[in-house]
Every structure is written in C-alpha cells, then in structure tokens.
Amino acid sequence: MKRILIFSLVNIAIVVTLSVLVEVVFALCGANVQEVFGDYAYIAVFALVFGFGGAFISLLLSKTIAKWSTGAKLVTGEEGEDERWLVDTVEELARTANVKTPEVAIYEGAPNAFATGAFKNHALVAVSTGIMRQMTRSELRAVLGHEMSHVTNGDMVTMALVQGVLNTFVIFISRVAAWMLSNAMKGKDDRGYSRRGGNWAYYMFARLFEIVLGLLAAIIACWYSRKREFAADAGSARLLGSPMPMVAALQRLGNLQPGVLPDSMKAFGIASAKKESLFATHPAIERRIEALMMNYRA
C-alpha cells in the first residue's frame, strides 16, 4: 500500500495555506517580517508554530475527517447481531487494555479497518463492510485488537508529534534556503534587509523546497509508521493471548483486495501492500507474520 504519509495531504495543505496567509497579511500591512522578527528568529518561530500547528489541527480533526471521508456510521449494537458483536468485542478489548471504549463505526467498502482520534480515551475504531463479510469473527477480533493497540499505544498522538517535527524542519530549511538563494539573485536594501517583499524568487524557491523536503519527510514518517504496525500486531497478540488469530487475519488479508483509505488515515489501517516501498505505511504481510511469530516466541 502506497501513500505520501500519515496526515500528509492534510498537513501539507494546512501548513502551506497558513504560511501563505501569514505572509500575505504582513505584505498587505506593509510590514517586513524580517524587520519585525529578525531573519532566522522569525523563520524558526514561524516553522515551529505552523509545523506543529498543522499536525495537531489534523489530529484534532481526525475523527471528523475520518467519518466524512469514509462515510463511516457509528453503531451502538442495537442495529443487529453483527453490530452487537462488534461493539461488545471492542468494549471487551478496551477493558483489557484499560482504556475508555472508543466509538465504533462501520463504513461501506472493501476489506479494511482503522483507528483514529486525538486522545486514546476518545478514539474511533471503524471497520469496513467488506472485512466483516470476508473474515471469521476470530480474525476480525484480531484486527480489532490491532486497532485497539494503535489506540492504547497513543500512535495517533505520536505520529502527530513526528509529523510536527518533520513539518518544522521542512518549513525552516525551505525558507532559509529560499532566502539565501533569493538574496544571491537579488541584493539587499539600504537598511541591509533583503528585498523579499516583492521578491517572487523567494516564494518560488520556498514552495519548491517545501515539496522536495516534504517528500523526504514523508519517507521518514512512513518508515516510522511501518515500525508502529509491527508493534500493533504484537499488541493484538498480547490482548488476545496468542499470535495465531492475528497471523490468520494477516494471511486472510493477503488473499483479499484491500480497500483504499484516505491518505490521512492509511497509517492506522490494517491492510498491507503486497510489496513494500519507501512510501508504504505498512510492511509487507510476510514480514509482519514473520516478525509477529519471532517476537511472540522471544
């Protein structure tokens, strides 16, 4: 499974939009941001605020975005036997993990499942109609254990922190590099400040570096996401007392065509790609099974 990274499209959109808005506001007010804040101090504060701001806005909106983008509907167990089993199982796993029971939802689609939410005691676990139809209850219980492990491990918050750090570096380095290049192309005014107000080269270089560095940041985030998948598989084995249900669920997934989740939620889905890539959020199924059995024996 390929993707640009956890929160990637949402984060990039938020960070770029906020950064452009701030710079436009300063320009309309006739202010030079370098004069107000100082060159590197301004860029550092700007990068820190908007780097983490973009990640945490995405995190806080994650449940809303998940429900809207997948069409997931919350279930209480009163809808039918399958829904009752689903809610009861999530409640049981939540008690075992000593966390508050997440909201439970079902959405129409091919086999997949995901967890999301800003706080482990206010999370959402959702499964597709496809995975409910094509997995046994033992396998589906393992999948729910996997998603509950993401919740109890605080993976959503951890990924937001990772994303915030990466965003900060992307913003800071891209603007410093753009500032240096634009200064090299265009001199400074009589007060020693670069003529950035009308320097379109600066904005062009900044956007270009944001895209390039954003892709490099995506590779790092995806690598970390793959590590968290191994941990969530192991967490499911601990919750269920055996790795075999999770192994069976992974083997089943290997024979199914998984559903595609929106980019902002792929890191917390269950399905794996057939082959890994730098932009894959999940390890290959064979590696997940091998790691699960090895860790459990250890």
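The values are calculated or read from the model by the stated rules, or taken from the named source; none is laboratory data. On a predicted model such as this, the values are computed, not experimentally measured, just so you know. Neighbour counts run over all protein chains shown; Cβ positions are idealised from the backbone, glycine included.
Only residues in the range 216-229 that are surrounded by fewer than 22 Cβ atoms within 10 Å (Cβ to Cβ) count as the first member; pair them with residues that are modelled with pLDDT of 90 or more and of a type in the set (A, V, I, L, M, F, W, C), Cβ under 6 angstrom, at least 6 apart or cross-chain, and list the lot.
none
Touching a residue at least 60 places away in the same chain (Cβ under 8 Å) and over 30 Å from MET244 (Cβ atoms) - does that describe any residue in the range 85-97?
no
Looking only at the range 86-140, which residues are of a type in the set (Ser, Thr, Tyr) and closer than 20 Å to ALA237 by Cβ?
THR89, THR96, THR136, SER138
State which residue pairs qualify: first residue within 20 Å of GLY51 (Cβ to Cβ) and inside the range 173-185, second residue charged (D, E, K, R) and crowded, with 18+ Cβ neighbours inside 10 Å in any location, beta carbons under 6 Å apart, and separation of 6 or more residues or different chains.
Hits for this filter: SER174/GLU210.
ALA66 - would you say it is modelled with pLDDT of 85 or more and either among the hydrophobic types (A, V, I, L, M, F, W, C) or in a helix (DSSP H, G or I) (or both)? Outline the logic, then answer.
Values: modelled with pLDDT of 85 or more: yes; either among the hydrophobic types (A, V, I, L, M, F, W, C) or in a helix (DSSP H, G or I) (or both): yes.
So ALA66 passes the test.
Here are some conditions: (1) out of contact with any Leu (no Cβ under 6 Å at 6 or more places or on another chain); (2) part of a helix (DSSP H, G or I); (3) at pLDDT 85 or above. THR101 meets all but one. Which one does it not meet?
In the conditions (1) out of contact with any Leu (no Cβ under 6 Å at 6 or more places or on another chain); (2) part of a helix (DSSP H, G or I); (3) at pLDDT 85 or above, THR101 misses (2) alone.
Determine whether PHE119 is crowded, with 24+ Cβ neighbours inside 10 Å and modelled with pLDDT under 95.
no
Kindly evaluate VAL157 against the criterion of being under 21 Å from PHE56 (Cβ atoms) and hydrophobic (A, V, I, L, M, F, W, C).
When the stated conditions are applied, VAL157 passes them.
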